[in-house]
Amino acid sequence: MELGLHDKVCVVTAASKGIGYAIAAELLREGAYVVICSRDRERIARAAATLEAETGRPVALALEADVSQREAIQRLVAEVERRFDRVHALVLNAGGPPSGPFASFSDEAWEQAFRTNLLSAVRLVREFLPLLRRAGGARIVAVASSSVKEPIPGLALSNVMRAGVQGLMKTLAVELGPEGILVNTLCPGRIATDRLRELDEARAAREGRSREAVQREMEGAIPLGRYGTPGEFARVAAFLLSEANTYVTGQTLLIDGGLVKAF
Ligand SMILES: NC(=O)c1ccc[n+]([C@@H]2O[C@H](COP(=O)([O-])OP(=O)(O)OC[C@H]3O[C@@H](n4cnc5c(N)ncnc54)[C@H](OP(=O)(O)O)[C@@H]3O)[C@@H](O)[C@H]2O)c1
């Protein structure tokens, strides 16, 4: 299938590793101009070098931007606008909040999770909207979590913020649909990244088990019998972000190997 991403301008936030990195790699392979960012100048520069080596395509811009900060988002948008006059595809991604029991989270922890995982999406869409509109039919994909269908024990901060993201994306799909802007939410179940490893390690420590034992149990609950790869996630994202996607909007899609049993 021709995705029509060649020479399209795509922005992927939180892309120095994991899911964001894999989406950036997939978009580069399709011939897009890809802008990536993360909180750390050196990590994002290293990621850009690895992406270029892996895909044989240059990364258009690799910028330091903490998406939990309004000024950082405004600087990111300004940098993108200096180089490009429009943005065809925007991926809303950020690092996940800490795990732990509900009673362990202070107001500060809730506020930080709100800024990182919900307000960042609001601000990114708002600030990029003029550039997205100029593309005439842009695509937006938010990376959320399977918790939008089934909250995950020990992840109260994430469970609450992802539900908000889903509400935001559905609202935007309705509001921006008449302008031809397609908006969807992609939800990882268990995708093998550092984040998942850290969550498994935290659970293993809490339960006095090995990380491998936790992973085996988790994989046992997945009908496909294994964790997914970031590349498997990225291929679905690339389709939704592409011109090949002409009629899918306002949807929440789980990429979870069948983990969540709810409709
Ligand atoms: N992996 C899974 O199975 C899974 C399941 C459910 C939900 N999710 C969610 O999906 C998202 C991506 O997960 P992942 O597994 O790819 O995580 P990951 O491997 O930990 O990667 C997180 C990425 O986000 C960047 N980052 C973190 N905070 C940031 C911020 N405030 N501003 C800009 N960049 C930031 C990190 O780079 P720097 O450190 O360089 O900033 C890194 O590149 C997370 O929100 C995660 O909670 C993942």
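The values are calculated or read from the model by the stated rules, or taken from the named source; none is laboratory data. As the structure is a computational prediction, the values presented were derived from the model and not from experiment. No Cβ is skipped: glycine too gets one built from the backbone with ideal geometry, and neighbour counts run over all protein chains shown.
Worth pointing out:
- Between 182, 176, the distinction of being under 19 Å from residue 10 (Cα atoms) and buried (at least 21 other Cβ atoms within 10 Å of the Cβ) belongs to 182 only.
- Candidates 99, 106 - the one that is in contact with a helix residue (DSSP H, G or I) (Cβ under 6 Å, 6 or more places away or on another chain) and over 21 Å from residue 173 (Cα atoms): 99
- Residue 139 fulfils the conditions (1) of a type in the set (D, E, K, R); (2) in contact (Cβ under 8 Å) with a residue 12 or more places away in the chain; (3) more than 9 Å from the ligand (Cβ to nearest atom); (4) over 14 Å from residue 12 (Cβ atoms) except for a single criterion, (4).
- Residues in the range 1-45 that are more than 6 Å from the ligand (Cβ to nearest atom), of a type in the set (Asp, Glu) and surrounded by fewer than 19 Cβ atoms within 10 Å (Cβ to Cβ): 2, 7, 42.
- Restricting the range 209-253 to residues that are surrounded by 15 or more Cβ atoms within 10 Å (Cβ to Cβ), acidic (Asp, Glu) and within 16 Å of the ligand (Cβ to nearest atom) leaves a set whose member that is farthest from the chain's Cα centre (by Cα) is 219.
- The numbered conditions (1) within 16 Å of the ligand (Cβ to nearest atom); (2) modelled with pLDDT under 95 are all true for residue 259 except (2).
- Matching entry among 120, 106, 99 (being in the same structural domain as residue 243 (by TED's automatic domain parsing), touching a residue at least 60 places away in the same chain (Cβ under 8 Å) and surrounded by fewer than 21 Cβ atoms within 10 Å (Cβ to Cβ)): 99
- The range 165-263 holds helices (runs of 4 or more DSSP H) entirely within its bounds, and those carrying 1 or more residues that are without any contact (Cβ under 8 Å) to a residue 24 or more places away in the chain and not small (Gly, Ala, Ser) map to 194-207, 211-220.
- Residue within the range 47-61 that is within 12 Å of the ligand (Cβ to nearest atom), touching a strand residue (DSSP E or B) at 6+ places or on another chain (Cβ under 7 Å), farther than 15 Å from residue 95 by Cα and assigned by TED's automatic domain parsing to the domain that holds residue 121 present: yes
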